[in-house]
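Before any comments, here is the structure.
None of the figures in this text is laboratory data; all of them are computed from the coordinates on show. In this text, all values refer to a predicted model and were calculated from it rather than measured experimentally. A quick note on method: Cβ atoms are made from the backbone with ideal geometry, for glycine too, and the neighbour counts reach across all protein chains shown.
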């Protein structure tokens with residue numbers, strides 16, 4: 001095993017830590033700026049950085065290319081908006097766990113194996129435990145937050161599919177950079193209405209969130225996936241709900257009860273079974289796979 005192969009899992013774990021701690025920082029912005037304002041700051045800074053680095057050419061693209069990247073950008077913007085909105089209602093560990101059902105279900109439906117379907121069913125039970133519905137009345141459950149997180153999960157699945165399609169049409173990070181432009185243009189009209197409430201520290205925090213949640217993790221994964229088998233990547237990615245709970249505890253002081261922690265553990269185990277399935281081992285690291293994407 002080469003040094004690059006040994007370091008690749010470390011890079012993926014660093015990317016996951018970056019995404020989830022970036023999300024925890026974003027949760028501190030949402031009460032002040034709202035979801036739209038927080039997302040606008042993140043997307044605007046991330047777009048500037050990615051476009052400056054990639055300098056994607058805009059000429060010579062077909063209509064199908066632009067439709068693909070536009071759909072990718074719409075999914076990206078809507079996914080971030082719905083996820084950040086869920087943070088106003090749910091602890092980040094709960095929101096990420098519910099959201100994770102999106103890519104998990106996508107991977108299971110594409111494999112069509114009974115074990116994967118059963119794993120998704122187990123993950124659904126885990127989400128019920130995480131939602132807080134266990135042992136309490138349905139009226140006391142924050143249905144708005146759960147609906148927003150579930151919407152973010154569905155959009156995450158769409159993001160994965162459209163990311164693959166964009167990757168086949170645009171080299172490197174060109175497609176992502178252009179999709180970020182689309183996402184920013186779509187979300188900015190909503191976010192800019194909150195600019196009067198943007199103190200200087202919030203702008204600085206928005207830059208930190210952009211780097212932690214978008215620029216840094218994508219760069220780390222791009223390097224890691226050149227030397228990492230997809231089933232290993234899937235297993236590592238499955239740690240996201242647990243890392244989100246840790247970030248919520250350390251950054252936001254969000255303490256989850258044992259039932260919710262059990263639910264998160266159920267989703268993590270189910271995700272390992274589906275995303276890290278042995279059937280994926282035959283693929284080369286360069287091949288696209290529905291598991292290859294970080295979330296919000």
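Numbers for the structure displayed
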read-out: Residue 58/residue 124 FRET efficiency (R0 35 Å; Cβ-Cβ; nearest 0.05); value: 0.25
read-out: Inter-centroid distance (Cα atoms) of the stretch 238-275 relative to the stretch 1-54, Å; value: 19 Å
read-out: Estimated Rh, the stretch 1-95: Kirkwood, alpha-carbon pairs, angstrom; value: 15.8 Å
read-out: Burial ordering of 125, 268, 232, fewest other beta-carbon atoms within 10 Å first; value: 125, 232, 268
read-out: Value of Rg/Rh across the stretch 3-280 [Cα atoms, Kirkwood radius]; value: 0.96
read-out: Contour excess over end-to-end distance, with Cα ends at residue 6 and residue 66 and 0.36 nm allotted per residue; value: 17.8 nm
read-out: Gyration tensor (alpha-carbon) shape descriptor, the stretch 175-260, a/c threshold 1.5; value: oblate
read-out: Residues 257, 142, 116 arranged by fewest to most Cβ contacts within 10 Å; value: 257, 142, 116
read-out: Radius of gyration and maximum dimension Dmax of the stretch 110-230, Cα, Å; value: 19.1, 53
read-out: Sorted by Cβ neighbour density within 10 Å, fewest at the top, the residues 97, 124; value: 124, 97
read-out: Helix-only CD estimate at 222 nm, as mean residue ellipticity for the chain, using -39500 (n - 2.57) per DSSP H run (n ≥ 4); value: -25000 deg cm²/dmol
